[in-house]
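Structure first, commentary second.
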Amino acid sequence: MKILVTGGAGFIGSNFIQYWMNKYPNDKIKNLDLLTYAGNLDNLLNLDGNNNYEFIQGDICDSILVNKLVKDIDLIVHFAAESHVDRSIKNSADFIKTNVEGTRVLLEAARNNGGIRFHHISTDEVFGALELDGGKFNENTPYDPRSPYSASKAASDHLVRAYFHTYNLPITISNCSNNYGPYQYPEKLIPLFITNLLEGKKVPLYGNGLNVRDWIHVDDHNYGVDLIIKNGRIGETYCLGGNSEKNNLEITETILNLMGKDKSMIEYVADRPGHDLRYAIDFSKTKSELGFTPRYTFESGIMATVEWYKTNQSWWQKIKNK
């Protein structure tokens, strides 16, 4: 296959390209990324000189460029998005432009070039928030976004479905829980805490630390995306989760223990505005239809992640020094 990956220099996108090139070395990948603050070509240095891989720096909102790139493409895998909730609270404009208009441009290009197969990467945050003792999100959960980021992703999901119903574009969508793993930009919770501790700094924990998330290793996420692309039903949405609900205090204490630190390294800070209490994913549909089950436990995944940041300090130091 010939594949266009958007946002392939970011955290999940670059891990997806590594996953796909390892598993399907004869496929050809074009990686379109604007290289904003979170895009990093160091994530893909090992692919330099690979004739089946090409990087293009550009904006998914650039319809001329996008239409040019999709001329001979079989599949679009759309990761590109502004994704940091705190940044969306401070300024939502880039989130609306990239996540909504950028998705529309890609959908139009797919529609106008023969109906290209389109897989859209989304988030469980579009579903809103759960009570601590409530159920879990699934594919039929009503949308209830609570931040400018999640609202922009919800809008993009609706656009993708609209192109399926209106134009019969062959789409699938995946809504995934919180990812962690190598190459994650060190403003997110897990890499921020690991790298701060490696620098001898305290870790800033929001509020009381009791907000709960379901955590999935990035390799398990991309394994799930692979299953959806290969075997998912066109027009369907699939939820992907790690079966690892943890509150932020538990995450913090786990990282402290793995790194030989104590609770004196925690600095409690004012909570984020509109901080959703809990997210959790019911991925039983994806499991029953496609055979998806996470291969990492949280314990094995977080140990591997801590070790990766310990042994790749030049990667994250370059970012934090900016």
Set Asn22, Asn43: member being within 16 Å of Val225 (Cα to Cα), polar (S, T, N, Q) and at pLDDT 95 or above
Asn22
Could you list, in sequence order, all residues of region 184-200 that are within 12 Å of the chain's Cα centre (by Cα) and either closer than 20 Å to Phe298 by Cβ or buried (at least 23 other Cβ atoms within 10 Å of the Cβ) (or both)?
Gln184, Lys188
Count - residues of region 249-278 that are modelled with pLDDT of 95 or more and in a loop (DSSP other than H, G, I, E, B):
4
So, of the residues in region 260-301 that are crowded, with 18+ Cβ neighbours inside 10 Å and aromatic (Phe, Trp, Tyr), which turns out to be nearest to Ile229 (Cα to Cα)?
Phe292
Out of everything in region 122-151 that is out of contact with any Phe, Trp or Tyr (no Cβ under 8 Å at 6 or more places or on another chain) and in a strand (DSSP E or B), what residue ends up being surrounded by the fewest Cβ atoms within 10 Å (Cβ to Cβ)?
Thr123
Could you list all residues from region 228-248 that are buried (at least 18 other Cβ atoms within 10 Å of the Cβ) and in a helix (DSSP H, G or I)?
Ile228, Asn248
Considering only residues that are part of a helix (DSSP H, G or I) and polar (S, T, N, Q), which ones fall in region 70-112?
Ser88, Thr98, Asn99, Thr103, Asn112
Kindly indicate the residue of region 31-68 that is under 22 Å from Gly115 (Cβ atoms) and of a type in the set (Val, Ile, Thr) and also surrounded by the most Cβ atoms within 10 Å (Cβ to Cβ) among those meeting that condition.
Ile60
Return the pair list, or none, for Cβ contacts closer than 7 Å from residues in region 122-133 that are under 20 Å from Ile171 (Cα atoms) and in contact (Cβ under 8 Å) with a residue 40 or more places away in the chain to residues that are small (Gly, Ala, Ser) and in a loop (DSSP other than H, G, I, E, B), at least 6 apart or on different chains.
Asp124/Ser177
Tell me, which residue of region 85-95 that is buried (at least 17 other Cβ atoms within 10 Å of the Cβ) and not small (Gly, Ala, Ser) is nearest to Thr6 (Cα to Cα)?
Phe95
Is it true that some residue in region 169-187 is assigned to a helix (DSSP H, G or I), aliphatic (A, V, I, L, M) and either over 16 Å from Asp86 (Cβ atoms) or at pLDDT 95 or above (or both)?
no
If I filter region 101-110 for residues that are in contact with a helix residue (DSSP H, G or I) (Cβ under 7 Å, 6 or more places away or on another chain), over 30 Å from Glu187 (Cβ atoms) and crowded, with 22+ Cβ neighbours inside 10 Å, do I get at least one hit?
yes
Condition check for Asn178: in contact (Cβ under 8 Å) with a residue 24 or more places away in the chain and either over 18 Å from Val225 (Cα atoms) or under 16 Å from the mean Cα position of the chain (by Cα) (or both):
yes
Would you kindly identify the strands (runs of 3 or more DSSP E) lying entirely within region 1-59 that contain at least 3 residues that are in contact (Cβ under 8 Å) with a residue 60 or more places away in the chain?
2-6
For residues in region 201-227 being part of a strand (DSSP E or B) and either among the hydrophobic types (A, V, I, L, M, F, W, C) or in contact with a helix residue (DSSP H, G or I) (Cβ under 7 Å, 6 or more places away or on another chain) (or both), which is surrounded by the fewest Cβ atoms within 10 Å (Cβ to Cβ)?
Tyr206
Anything in region 120-173 that is acidic (Asp, Glu) and under 13 Å from Val100 (Cα atoms)? List them, or say none.
Asp157
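The values are calculated or read from the model by the stated rules, or taken from the named source; none is laboratory data. On a predicted model such as this, the values are computed, not experimentally measured, just so you know. Glycine also receives a Cβ, built like all others from the backbone with ideal geometry; neighbour counts cover every protein chain displayed.
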